[in-house]
Amino acid sequence: MIKAITGTKDILPSEIQNWYNLEDIVKNIMNSFNYKEIRTPIFEETRLFSRGIGEATDIVSKEMYTFIDRSETSVTLKPEMTASVVRALLEHSLDKQFQLNKLFYISPMFRQERPQAGRFRQFHQFGAEALGSTSPALDAEMIILAYQILKKLGLSNFVVKINSLGIPSSRENYKNLLKEFLADEVKNLSEESQKRYETNILRLFDSKDERDQKIMENAPLLIEHLDDESLEHFDEVKQMLLAAGIPFEVDPKLVRGLDYYTHTTFELVSGSVGSQSALCGGGRYDLLVNQLGERDVPGIGFAAGIERILLAMENEKVITEIKPQIDFYIVRLEKELNKKVFEIATKLRENNSVEFDYTQRSVKAQMREANRLGAKKVLMIGGEEYERGTAVLKNMDDGSQEEILLSEIK
Ligand code: AMP
């Protein structure tokens with residue numbers, strides 16, 4: 001039997017209502033912060049991501065679904081959304097039409113990761129990007145936006161972690177300092193970290209290897225080496241979060257994997273989902289747009305993993321049980337009335353959800369089906385009522401019945 005590809009998942013009808021509910025909340029809250037939805041293609045030219053995300057990142061170096069299509073173009077299934085949003089912004093000159101573009105998305109993403117709980121190869125993210133302003137108010141707004149969505153979904157067991165990566169010049173100075181600090185220890189680092197020492201040294205803070213962690217324990221921290229401008233920006237963000245009553249922790253080791261971040265980075269981390277605990281991550285990227293299109297448009301955004309959020313909701317028992325419900329079930333009393341039932345169902349379906357039996361089942365079996373589907377009302381077609389041009393309408397809430405004219409059904 002052919003099965004779904006490892007790391008991909010079917011979303012079954014029994015789960016779909018949870019997705020709808022989550023998407024509704026995302027859309028409503030995005031709207032209240034005045035973010036507009038953007039939908040971009042599932043695949044893009046590979047160089048968009050290699051340039052936009054950075055060759056040294058995990059995503060680009062080992063996780064992308066890349067293939068050469070029939071016209072010899074290298075294309076990639078999108079592993080994240082920021083690069084695509086920036087491409088669309090530049091391609092359609094949105095930055096010239098509006099000084100500030102506030103955009104959101106809900107979309108599948110693709111990364112060839114080792115599948116485990118909370119980590120898939122096709123997964124879904126919602127997220128937001130605000131392009132066109134360096135104001136720390138937008139950094140705070142992004143964090144509050146993500147926080148409010150998780151809260152509205154009913155989650156409570158999560159923390160907001162924030163950090164600042166500063167402006168590139170102070171980060172470059174700091175990277176040199178870190179290199180110096182580690183110079184004698186490089187040989188003792190794990191193989192992966194030895195590579196990262198050369199290519200993406202900040203990621204050493206992310207290592208799960210105990211030896212690496214021990215070595216990194218005493219490493220100098222970027223936050224202690226930031227310039228005044230970066231510190232001031234970070235301070236304003238913190239002040240605004242405090243004023244909004246959003247609880248947060250400063251985590252100086254929160255470096256995030258991507259090259260393009262500047263200033264604020266943040267994560268919302270769950271205590272309810274095991275090791276893959278980041279529900280949401282984001283940060284400011286004031287240099288990315290220039291890297292992709294040589295226009296100076298500062299930006300900030302976040303992305304949140306829907307499967308992980310649903311898992312956290314399940315574990316925190318905030319997913320409400322969804323009972324099936326339908327407006328009408330039509331019971332056919334005599335087989336000869338199939339066509340009539342079909343006609344009535346079609347009419348009723350203009351304004352109601354309606355189901356009937358397609359398999360010639362007994363009246364008893366049809367009633368059972370009506371109950372299983374959660375029918376609010378059952379319409380019985382047949383018998384002497386039918387001869388009289390009427391039908392019995394049963395209200396399933398209280399069991400009461402009334403006789404109605406067939407000609408008045410709509
Ligand atoms: P990132 O784009 O890597 O910052 O990820 C943002 C969020 O997307 C994470 O916090 C996760 O919730 C989710 N996410 C990232 N990768 C995966 C994956 N492979 N499977 C499921 N969710 C993921």
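Each Cα pair under 8 Å and six or more residues apart adds its separation to the average, and for the chain the resulting relative contact order is 15 percent.
The order of the peptides 75-87, 342-354, 52-64 by mean Cβ neighbours within 10 Å, most packed first, is 75-87, 52-64, 342-354. Against the main long axis of the alpha-carbon atoms of the chain, helix 228-243 sits at an angle near 30°. Relative to the current alpha-carbon distance between Glu15 and Gln99, full extension at 0.36 nm per residue lengthens the span by 26.2 nm.
Per-atom-type breakdown for the chain gives carbon and sulfur 48% of the accessible area (1.4 Å probe, protein chains only). Working note: 222 nm ellipticity from helices only, DSSP H runs with n ≥ 4, each -39,500 (n - 2.57), summed and divided by the residues of the chain, gives -11000 deg cm²/dmol to the nearest 500.
What angle do you read, to the nearest 10 degrees and between 0 and 90, between the alpha-carbon axis of helix 168-182 and the longest principal axis of the chain? Approximately 70 degrees, to the nearest 10. Extension gain for the segment Asn315 to Leu373, taken as residue separation times 0.36 nm less the Cα-Cα distance, is 18.2 nm to one decimal.
I want to verify the translational diffusion coefficient of region 326-408 in µm²/s; compute it with Stokes-Einstein, Rh as the Kirkwood radius over Cα pairs, at 37 °C and 0.692 mPa s. Translational D for this selection: 261 µm²/s.
Counting only alpha carbon atoms, the long axis of helix 82-91 and the longest principal axis of the chain meet at about 90°.
What length, rounded to one decimal in nm, is gained on full extension from Val250 through to Arg114, with 0.36 nm per residue of separation minus their alpha-carbon distance? Don't skip to the end; give the middle numbers.
Values: separation 136, 0.36 × 136 = 48.96 nm, distance 2.97 nm.
Extra length from Val250 to Arg114 when fully extended: 46.0 nm.
If only the Cβ of Lys and Arg carry +1 and only the Cβ of Asp and Glu carry -1, the dipole of region 326-408 around its Cα centre is close to 380 debye.
Across the options Ala244, Ser71, Cys280, the greatest Cα extent toward the positive end of the charge dipole of the chain (unit charges at beta carbon of Lys, Arg, Asp, Glu) belongs to Ser71. The alpha-carbon atoms of the chain define a convex hull whose volume equals 210 cubic angstrom per residue.
Looking at the chain, the accessible area is 52 square angstrom per residue; that uses a 1.4 Å probe and ignores ligands, DNA and RNA.
The values are calculated or read from the model by the stated rules, or taken from the named source; none is laboratory data. Bear in mind the structure is a predicted one, so any value in this text is a computation, not a measurement. Every residue, glycine among them, receives a Cβ derived from its backbone with ideal geometry; neighbour counts consider all protein chains shown. Heavy atoms of the whole protein, side chains included, go into the accessibility calculation; ligands, DNA and RNA do not. Shrake-Rupley method; radii C 1.70, N 1.55, O 1.52, S 1.80 Å.
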